[in-house]
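**Student:** Would you mind keeping the following structure in view while I ask a few things?
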Amino acid sequence: MLREKDIPVWEAARVYLDVRSNDEHTLFSYYWAKQLLDFYPDADEDVVLPAILLHDTGWKKIPIEKVLESFGPNMKYPELRRQHEVEGVAIAREKLTELGYNEHHINQICDIIDGHDTTKEARSLNDSLLKDSDKLWRFTRHGNETVQSWFDISLTEVHKILRNQLPGFLTEEGKLLAVQMLEVAELKESLTKYIPHVSSER
Ligand SMILES: [Fe+2]
Ligand SMILES: [Fe+2]
């Protein structure tokens, strides 16, 4: 799944991603970034893919007990969302320099890590793909269940939260994929509406 040339970036990022399953989130978002890149040949996969691998490394620098209170329904420290971007840019710059990336390339990657959560608009095509891939993970079964366990809410509540996030998608394709995943997840939760006794046996 990972491109050969992204493996050293992943290895460098992974040490910073063992916070609230950010490592797992990152791999799913990388998958979605690859899917979206197929629709946008003008985007630069050598910017978007390394950026996705490094975008959330900054959470490692935030006190662990405050991470889940930096976003979502129990948000107490919104300023830490900005801080994880700034820390992530510093980590990305250091690691990419060590890996021999040139200054121009590093700047392009860091430009979209910076502000990936705290800006909402499309600042460039590469930025749109990073932001949509980041969000698409939440719509996967893995994302649904992770959000559910973080905030101790029902799957139905998770789906309601996600439905409200649909207008935030920046690409048509990203939005369509999100809608499809959400509707499939909602269908699974509402099978009993049509089949009174849904068996757990297959
Ligand atoms: Fe983030
Ligand atoms: Fe993320």
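**Student:** What is the residue count in region 50-76 for residues that are more than 16 Å from ligand 1 (Cβ to nearest atom) and touching a helix residue (DSSP H, G or I) at 6+ places or on another chain (Cβ under 6 Å)?
**Tutor:** Adding up the residues that qualify gives 1.
**Student:** Residues that are more than 10 Å from the chain's Cα centre (by Cα) and among the charged types (D, E, K, R): which helices (runs of 4 or more DSSP H) entirely in region 18-71 hold 3 or more of them?
**Tutor:** Of the helices (runs of 4 or more DSSP H) lying wholly inside region 18-71, those with at least 3 residues that are more than 10 Å from the chain's Cα centre (by Cα) and among the charged types (D, E, K, R) span 22-39.
**Student:** Is it true that some residue in region 140-147 is within 16 Å of ligand 1 (Cβ to nearest atom), modelled with pLDDT of 95 or more and farther than 30 Å from K188 by Cα?
**Tutor:** no
**Student:** Under 6 Å between Cβ atoms, at least 6 apart or on separate chains: pull out the pairs that start in region 69-84 with a residue that is without any contact (Cβ under 8 Å) to a residue 12 or more places away in the chain and end on any residue that is of a type in the set (G, A, S) and within 16 Å of ligand 2 (Cβ to nearest atom).
**Tutor:** Going by the 6 Å Cβ cut-off, the qualifying pairs are Y77/S70.
**Student:** For region 68-109, enumerate the residues that are away from ligand 2 (no atom under 14 Å from the Cβ) and of a type in the set (G, A, S).
**Tutor:** Listed by number, the residues that qualify are A90, G100.
**Student:** Touching a Lys or Arg at 6+ places or on another chain (Cβ under 6 Å) and either modelled with pLDDT of 95 or more or more than 16 Å from ligand 2 (Cβ to nearest atom) (or both): is that true of E65 in this structure?
**Tutor:** Answer is no for this residue.
**Student:** Can you work out which of the residues in region 85-110 that are among the charged types (D, E, K, R) and either in contact (Cβ under 8 Å) with a residue 24 or more places away in the chain or in contact with a Gly (Cβ under 7 Å, 6 or more places away or on another chain) (or both) is farthest from ligand 1 (Cβ to nearest atom)?
**Tutor:** That would be E98.
**Student:** Taking Y77 and the conditions (1) within 30 Å of L182 (Cα to Cα); (2) of a type in the set (F, W, Y); (3) modelled with pLDDT of 95 or more, which numbered condition does it fall short on, given that it satisfies the others?
**Tutor:** Only one criterion is unmet by Y77, namely (3).
**Student:** Now for a separate question. Looking only at region 167-195, how many residues end up being more than 16 Å from the chain's Cα centre (by Cα) and among the small types (G, A, S)?
**Tutor:** 2
**Student:** Kindly indicate the residue of region 26-49 that is surrounded by 21 or more Cβ atoms within 10 Å (Cβ to Cβ) and not hydrophobic (A, V, I, L, M, F, W, C) and also nearest to K131 (Cα to Cα) among those meeting that condition.
**Tutor:** Ranking the candidates gives S29 first.
The values are calculated or read from the model by the stated rules, or taken from the named source; none is laboratory data. Remember, predicted model here, so these are calculated numbers, not experimental data. Positions of Cβ are backbone-derived with ideal geometry, glycine not excepted, and every protein chain shown enters the neighbour counts.
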